[in-house]
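**Q** Here it is, the structure, as structure tokens.
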Amino acid sequence: MTSARSATEWSTWGVHARVVVTDPDSLDSASNLIHGYLAAADAAVNRDRTDAEIRSLGEGRNMVTRMFARFITDALAAATATDGALDPTSSAPDPHSWRSITVDDTEVTLPAGVELDLTATARASSADHCASATAELLGCGVLVALGGDIATAGSAPPGGWQVQVQDLPGDPTCQVSIPSGVAVATASTVKPLYPDSISLWRTVSVVARSCPLASASSNAAIAMGAGAVGWLTDLELPARLVDQELRVITIGGWPS
């Protein structure tokens, strides 16, 4: 295996997608695998599709595909990590109904009156799975970026994966090196997910062991305002916060 890297880019799910592999000969295969996975993911979680798997769920026990079970597991983990700030339900009789959702292999149990909405976590979950599955199948290092959600897997290139963290041109920027198997996610109040929100923070970027955890933490921190610094510090998550005046705060051993 050489130290060369090769990349491809396209637009999907309304964001910029980028795939980097450490074996240039594997790029076409990696791209095909990831395109296929994202198409299947859309068919599973996109509530705007009448044929989406998520719309077939009902009260009580449901048998689902393994892919969809993983999406739900990741969403529940994000809800737990953020104490419900990222609630995976679109309708529920009380704000803690998500705690009653269970996943047992491919069996999902929903309490009465609860509907799932995995919009907040599906992209990060997809980046994570695409990176890990593609690296395992092709035997090379893989980086998958879906908008601000970046996951890595397999063998890292020399010096680690180089990730540029920036929102818009002209915003403060930095480049960090992360090992393989680590993720970086950035939440923004300048671009969606939060087009109409007012927050102390312009962007929050978090490094974590999984992309769903990094994404959930960065999005929850946006909503917390000044409390985000202490919360992320307590979680021991490396983070970079940029306020509306473009001042930068780094905590938790944010990588150089």
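The values are calculated or read from the model by the stated rules, or taken from the named source; none is laboratory data. Computed from a prediction, not measured in an experiment: that's the story for all the values here. Glycine also receives a Cβ, built like all others from the backbone with ideal geometry; neighbour counts cover every protein chain displayed. We work out accessible area using only protein heavy atoms, side chains counted, and drop any ligands, DNA or RNA first. Shrake-Rupley method; radii C 1.70, N 1.55, O 1.52, S 1.80 Å.
**Q** On the given criteria, is residue 152 farther than 27 Å from residue 184 by Cβ and at pLDDT 95 or above? Quick ask: steps written out before the conclusion?
**A** Working: farther than 27 Å from residue 184 by Cβ: no; at pLDDT 95 or above: yes.
Answer is no for this residue.
**Q** Another question, then. Mind listing just one residue for me: the one in the range 81-108 that is over 16 Å from residue 70 (Cβ atoms) and in contact with a strand residue (DSSP E or B) (Cβ under 7 Å, 6 or more places away or on another chain) and, of those, surrounded by the fewest Cβ atoms within 10 Å (Cβ to Cβ)?
**A** 91
**Q** Further question: Considering each of 52, 39 in turn, give the residue that is modelled with pLDDT of 95 or more and within 14 Å of residue 129 (Cα to Cα).
**A** Only one candidate qualifies: 39.
**Q** Still on this structure, please answer the following. Identify all residues within the range 160-190 that are exposed (fewer than 14 other Cβ atoms within 10 Å of the Cβ), in contact with a strand residue (DSSP E or B) (Cβ under 7 Å, 6 or more places away or on another chain) and either within 12 Å of residue 18 (Cβ to Cβ) or modelled with pLDDT under 90 (or both); write none if there are none.
**A** 164, 190
**Q** On to the next question. What is the residue count in the range 151-176 for residues that are touching a residue at least 24 places away in the same chain (Cβ under 8 Å) and out of contact with any Ser or Thr (no Cβ under 8 Å at 6 or more places or on another chain)?
**A** Result for the range 151-176: 2.
**Q** Tell me, yes or no, whether the range 57-78 has at least one residue that is in contact with a Phe, Trp or Tyr (Cβ under 6 Å, 6 or more places away or on another chain) and small (Gly, Ala, Ser).
**A** Of the residues in the range 57-78, the ones in contact with a Phe, Trp or Tyr (Cβ under 6 Å, 6 or more places away or on another chain) are none.
Among the residues of the range 57-78, not one is in contact with a Phe, Trp or Tyr (Cβ under 6 Å, 6 or more places away or on another chain) and small (Gly, Ala, Ser), which makes the answer no.
**Q** Could you check residue 235 against (1) modelled with pLDDT under 90; (2) within 18 Å of the chain's Cα centre (by Cα); (3) more than 22 Å from residue 164 (Cβ to Cβ) and say which number it fails?
**A** (1)
**Q** Right, here's the next one. Which count do you get for residues in the range 191-207 that are of a type in the set (A, V, I, L, M, F, W, C), modelled with pLDDT under 95 and under 18 Å from the mean Cα position of the chain (by Cα)?
**A** Qualifying residue count for the region: 1.
**Q** Pairs please, first residue from the range 126-138 and touching a residue at least 24 places away in the same chain (Cβ under 8 Å), second anywhere and β-branched (Val, Ile, Thr) and in a helix (DSSP H, G or I), Cβ atoms under 6 Å, 6+ apart in sequence or on different chains.
**A** Close Cβ pairs satisfying both conditions: 130/34.
**Q** Look through the range 1-44, keep the residues that are free of Cβ contacts under 8 Å to residues at least 24 places away in the same chain and acidic (Asp, Glu), and return whichever of them is most open to solvent (accessible area, probe 1.4 Å).
**A** Among those residues, the one meeting the criterion is 25.
**Q** Can you tell me which condition residue 116 does not meet? The list is (1) at pLDDT below 95; (2) out of contact with any strand residue (DSSP E or B) (no Cβ under 7 Å at 6 or more places or on another chain), and all the others hold.
**A** (2) is the only condition that residue 116 fails.
**Q** When you go through (1) hydrophobic (A, V, I, L, M, F, W, C); (2) free of Cβ contacts under 8 Å to residues at least 24 places away in the same chain; (3) assigned to a helix (DSSP H, G or I) one by one for residue 249, which number turns out not to apply?
**A** Answer for residue 249: the failing condition is (3).
**Q** Among the listed residues 61, 47, identify the single one that is of a type in the set (Lys, Arg), in contact with a strand residue (DSSP E or B) (Cβ under 8 Å, 6 or more places away or on another chain) and either buried (at least 20 other Cβ atoms within 10 Å of the Cβ) or modelled with pLDDT of 95 or more (or both). Break it down stepwise before answering.
**A** Numbers: 47 fails: either buried (at least 20 other Cβ atoms within 10 Å of the Cβ) or modelled with pLDDT of 95 or more (or both).
When all the criteria are applied, what remains is 61.
**Q** Please go through the range 45-94 and give me each residue that is touching a residue at least 12 places away in the same chain (Cβ under 8 Å), assigned to a helix (DSSP H, G or I) and small (Gly, Ala, Ser), ordered by number.
**A** Hits for the range 45-94 are 69, 75, 77, 78, 79, 81.
**Q** Within the range 219-238, does at least one residue satisfy the condition of being polar (S, T, N, Q) and buried (at least 24 other Cβ atoms within 10 Å of the Cβ)?
**A** Among the residues of the range 219-238, at least one is polar (S, T, N, Q) and buried (at least 24 other Cβ atoms within 10 Å of the Cβ), which makes the answer yes.
**Q** Given the options 122, 156, 145, name the one that is within 19 Å of residue 19 (Cβ to Cβ), part of a loop (DSSP other than H, G, I, E, B), out of contact with any Cys (no Cβ under 7 Å at 6 or more places or on another chain) and of a type in the set (A, V, I, L, M).
**A** Answer to the check: 156.
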